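The values are calculated or read from the model by the stated rules, or taken from the named source; none is laboratory data. Note that this is a predicted model, so its numbers are computed, not measured. A quick note on method: Cβ atoms are made from the backbone with ideal geometry, for glycine too, and the neighbour counts reach across all protein chains shown. Please note that ligands, DNA and RNA were not included when accessible areas were found on the heavy atoms of the full protein model with its side chains. Shrake-Rupley method; radii C 1.70, N 1.55, O 1.52, S 1.80 Å.
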Amino acid sequence: MDKKTGVYICHCGLGGSTETEEILKKLPKGSIVKDSQYLCDITEQELLIKDINEKDLEQVVVACFASDVHRSIFKKVGDEVGFLPNLIKIEESDDVVEKIIAALDDLKPIKPEETEVDVNPSVLVIGAGIVGEQASLDIGDAGYKVYLVERRPNIGGHMAQLDKTFPTLDCASCIGTPKMVATGQHPNIELLTCSEVIEVSGHAGEFKVKVLRHPRYVDENECTGCGICVDNCPAVVASEFNLGVGPRKAIYIPFAQAIPLAAIRDPEHCLSCRMCEYVCDKKAIRFDQEEEIIEFEVGSILVTTGFELFNCDLRPELGYDKYDRVINALELERLCAPTGPTAGEILIHGKPPKNIVFVQCVGSRDKNVGNEYCSRVCCMYATKQCNLVREKVPDAKFTICYTDIRAFGKGHEEFYNRMQDEGVIYLRGIVSEVYRGENGMMKVRVENTLMVEPVELEADLVVLSAGLVAPADTPQLANMLNLDVGDDKFLAEAHVNIRPMETRVKGIYMAGCAQGPKDISDSVAQTSGAAAKATIPISFGKVKIGPEDEVKVVKETTATAAPIEKEVTG
Amino acid sequence: MEFVDEIIETGGPILGSEHMETLRVCMQCGKCTGGCPSGRLTAIRTRKMILSALLNMRDEVLSSDELWLCTTCYTCYERCPRNVKVTDITRTIRNIAGREGYLAKSHRMAASYVIKTGHGVPINDAVKESRKKLGLSEIPPTTHAYKDALKGIQTLAKKTKFDELIDFDWETMNLKE
Ligand SMILES: Cc1cc2nc3c(=O)[nH]c(=O)nc-3n(C[C@H](O)[C@H](O)[C@H](O)COP(=O)(O)OP(=O)(O)OC[C@H]3O[C@@H](n4cnc5c(N)ncnc54)[C@H](O)[C@@H]3O)c2cc1C
Ligand code: SF4
Ligand code: SF4
Ligand code: SF4
Ligand code: SF4
Ligand code: SF4
């Protein structure tokens, strides 16, 4: 450490340092240490440049709280003096002197060696829920090519499984299907279903992508979705799309509005009778179809891999694995949906339920299962589901047992108010346990916290408002793309306030529930924003990149063994 | 000192201060009260007790009868979504209450058996029978089998002033009054 050094301690997050003298003592002659109020300010930066030039500083260290966010701000300095200041992140608990001196020990000079590269005018979108669809449509409409990679046999994600949506009670199919159809038909969108990204390399402007396409065993282009093969297939298994509530065949079309509308054969349950091949007059069945690797290049990547539903077995006292009168909220959506396995008829043990208790915050706001966050949608979806069930069972009674009602979105409080007006009882207290009473009905133990009284409710149906968790393979996906995962196990954004759609890798963006739980309104708003972000370098045509922007190839991938649908529905 | 800090400080040396600090983050969800097996039959309202402690209602908490109605079954402790170490906090509050002379009669009684027999719950015929069935010796290898060890326990009770804490009368070998 013999270089003339400038140390600048910014007040941001630190409130400055009183120990400038102490640091100076440890530096070579001619060095300076300064306390600065706002180093990100342009005049402060000019002073910095002046210092470097006048005092012939050979290296500069900036100690501040938001070092991740501020790197690019010092570009001007780099341009003027030929090197960039080294940024050190200091947190309140740190010993400022110690941390700065330690960092000085092996300080590597950062040269502003950015190069300008051309941008490939196409985008990879990973995950085709409502969020992936909307982004693809926006980017496609902007005139750029989109590769939309979806692991399941069809697009639509969780929204395709919903009956109606809060806060307006729109029919989910009526607002979701047109988006799916538009995505399927858009000339700029190349839809790759049954597919997973297995390798990414390169950098913003030019990412090289490898996609593994699992066999569907049906030629998507030839199949018309007539369903004759399905009718004739003798092998019956539980339907993943309907969360096991109804059956499907070994060759199947997940649901009537599926896009692409094509059958898929599940080799695990297939009896190899070849009946499907025999009855298909389009000759669309392909028993010899194999895995395929598809390679292409894109300018930007957008991750929209959504969420999984919390596994309610992790709260065994709620009896989800024990009693068939205890179901999760997504199962209730399928039971209510006219497209569902019961065509919208809600029958529990052959009878419409009359006494329904909702258990809120299952797997959310729960450190005990490792999910500290609030899932943000379950208060409203439970409120909505009371309405859905009431339409079919007008004399049913509803009790929602909650910790706090979170109705912060546009129209949410009004909707909450409306359902209270319609007789839904909101009981403040988190359900402690559910078990079967002697008459076969469920007993729900909960404290009515506002009355300071533990009570026992009787219910013929208990609905667990399960939280939204990050897809189980998020760590591997993050690894492959060189992204970070947050404490909540969702993908981490570059900065939650001011760069919520960017990731730590230049050129890779994210939106929707991949970043954290949110409702459809927020998801769609965010994804249009992310789509705009992803197209900025494309419309400009060039992007500046440095050595740190290169994506390191990670061989471990998220690819699953086919059949593909299995682990996705949650 | 605020009551919350007093509880945390009292339990800290034995249970760990991080463990005790969990008291501060109770979100008043009621999961504890809702599943408390004692609360089904008695007046204990676990969440309210935690809230009263958080609101520094020292006298109310220490003098309350419900403080002694917890069976220390640890159900609330296991289920709490904020990982509040409820049962251990209750036990710590009891220690403070004990020092202040609020020890419940039933608990003093159980404690007197420890001095008298070395056991809070001395052996009885039913237990002997069960032990035999399980293939164990009828009498456990404790003060029941080693009468001399009881002297050691009684010395400990005196040295630690446990006898004074529960108002034990060495003359009658019973609680005073
Ligand atoms: C029971 C329930 C009811 C709800 N009701 C409402 C409501 O009424 N109103 C409302 O606004 N919101 C509601 N929501 C929330 C709503 O479902 C979400 O806001 C929305 O679905 C988020 O969309 P998404 O595209 O981000 O995620 P998803 O719908 O989860 O889509 C993600 C897609 O990515 C795919 N994928 C994941 N990983 C990979 C990978 N590695 N490679 C390729 N593809 C991958 C998945 O297969 C999936 O198709 C509800 C949620 C639940 C659970
Ligand atoms: S595979 Fe053939 S029979 Fe089956 S849905 Fe497609 S076109 Fe119809
Ligand atoms: S070959 Fe398989 S998928 Fe086709 S009809 Fe027979 S069991 Fe069904
Ligand atoms: S939205 Fe409501 S039910 Fe869901 S985690 Fe948040 S508070 Fe609990
Ligand atoms: S369960 Fe935990 S967080 Fe909930 S009221 Fe009880 S102590 Fe507080
Ligand atoms: S430990 Fe005590 S307060 Fe907690 S559930 Fe058991 S009896 Fe109730």
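Numbers below:
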{"read-out": "GluC sites (Glu not before Pro) within region B:1-104, DSSP loop, no more than 15 other Cβ atoms inside 10 Å", "value": "B:E2, B:E100"}
{"read-out": "Restraint check, A:K4/A:K108; A:K164/A:K392; A:K397/B:K31; B:K105/B:K161, Cα-Cα greater than 21 Å", "value": "A:K397/B:K31"}
{"read-out": "Hydrodynamic radius of the protein assembly as shown per Kirkwood, over alpha carbon pairs, in Å", "value": "30.8 Å"}
{"read-out": "Region A:308-469: relative contact order as a whole-number percent, Cα under 8 Å and 6+ apart", "value": "32 percent"}
{"read-out": "D (Stokes-Einstein, µm²/s), Kirkwood Cα radius, region B:1-136, 0.890 mPa s at 25 °C", "value": "152 µm²/s"}
{"read-out": "Potential lengthening between A:E548 and A:E80 on full extension [0.36 nm per residue; Cα-Cα distance subtracted]", "value": "166.4 nm"}
{"read-out": "Virtual paramagnetic centre 7 Å along Cα→Cβ of A:K210, amide N under 20 Å, in region A:273-308", "value": "A:290-302"}
{"read-out": "FRET efficiency estimate (nearest 0.05) - Cβ-Cβ, A:A238 to A:F287, R0 25 angstrom", "value": "0.60"}
{"read-out": "Accessible area buried, both sides summed, chains B and A with 1.4 Å probe, Å²", "value": "1800 Å²"}
{"read-out": "Sum of side-chain charges, B:M1 neighbourhood, beta-carbon under 11 Å (Lys, Arg +1; Asp, Glu -1)", "value": "-3"}
{"read-out": "Cα-centred dipole magnitude for region B:105-175, charges only on beta-carbon of K, R (+1) and D, E (-1), debye, nearest 20", "value": "220 debye"}
{"read-out": "Portion, in percent, of the accessible area of chain A that falls on carbon or sulfur, probe 1.4 Å", "value": "50 percent"}
{"read-out": "Backbone N within region A:517-546 under 16 Å of label point (7 Å from A:E114 Cα along the Cβ vector)", "value": "A:536-538, A:540-546"}
{"read-out": "Positive-end residue, region B:27-177 charge dipole about Cα centroid, Cβ charges, pick of B:M27, B:T155, B:A53", "value": "B:M27"}
{"read-out": "For region A:265-312, diffusion coefficient by Stokes-Einstein and Kirkwood Rh (Cα), 37 °C, 0.692 mPa s, µm²/s", "value": "211 µm²/s"}
{"read-out": "Rounded FRET efficiency, nearest 0.05, which uses the C-beta distance separating B:V25 from B:R131 and R0 of 45 Å", "value": "0.55"}
{"read-out": "Antiparallel bridge percentage (DSSP; both residues within chain A; nearest 5)", "value": "50 percent"}
{"read-out": "D_trans [Stokes-Einstein, Kirkwood Rh over alpha-carbon pairs] for region A:5-112, 25 °C, 0.890 mPa s, µm² s⁻¹", "value": "179 µm²/s"}
{"read-out": "Chain A: angle of helix A:96-105 to the longest principal axis, Cα-based, in degrees nearest 10", "value": "80 degrees"}
{"read-out": "Mean ellipticity per residue at 222 nm, deg cm²/dmol - from DSSP H runs of n ≥ 4 across chain A, formula -39500 (n - 2.57)", "value": "-7000 deg cm²/dmol"}
{"read-out": "Threshold 30 Å² - residues in region A:450-485 whose accessible area is reduced by that much or more when the chain is no longer isolated, probe 1.4 Å", "value": "A:V452, A:P454"}
{"read-out": "Mean separation of Cα contacts under 8 Å, 6 or more apart, over the residue count of chain A: relative contact order %", "value": "16 percent"}
{"read-out": "Accessible surface of region B:105-175, 1.4 Å probe, proportion on carbon and sulfur as whole %", "value": "58 percent"}
{"read-out": "B:K159/A:I49 FRET efficiency (R0 56 Å; Cβ-Cβ; nearest 0.05)", "value": "0.15"}
{"read-out": "Partners for A:K367 among aspartates and glutamates (Cα-Cα distance below 19 Å; same-chain residues under 8 apart left out)", "value": "A:E308, A:D313, A:E317, A:D404, A:E433, A:D487, A:D488, B:E18, B:E21, B:E78, B:D88"}
{"read-out": "Net charge of neighbours whose Cβ lies under 12 Å from the Cβ of A:A382, counting Lys and Arg as +1 and Asp and Glu as -1", "value": "+1"}
{"read-out": "Computed over region B:58-177, Kirkwood Rh from alpha-carbon pairs, angstrom", "value": "16.5 Å"}
{"read-out": "Cα-centred dipole magnitude for chain B, charges only on beta-carbon of K, R (+1) and D, E (-1), debye, nearest 20", "value": "660 debye"}
{"read-out": "Occluded residues from region B:15-54, i.e. those whose accessible area drops by 50 Å² or more once the chain is not alone (1.4 Å probe)", "value": "B:M27, B:C29, B:K31, B:G34, B:R40, B:R45, B:R47"}
{"read-out": "Accessible area per residue, Å², chain A with all protein chains present, probe 1.4 Å", "value": "43 Å²"}
{"read-out": "Å² of accessible area per residue within region B:5-157, as computed with a 1.4 Å probe and no ligands counted", "value": "51 Å²"}
{"read-out": "Value of [θ]222 nm, deg cm²/dmol, for chain B, DSSP H segments ≥ 4, -39500 (n - 2.57) each, nearest 500", "value": "-15000 deg cm²/dmol"}
{"read-out": "Magnitude of the charge dipole, chain A, Cβ model with Lys/Arg +1 and Asp/Glu -1, debye to 20", "value": "960 debye"}
{"read-out": "Cα-based equivalent ellipsoid, region A:454-532: semi-axes from gyration tensor eigenvalues, Å", "value": "32, 16, 10"}
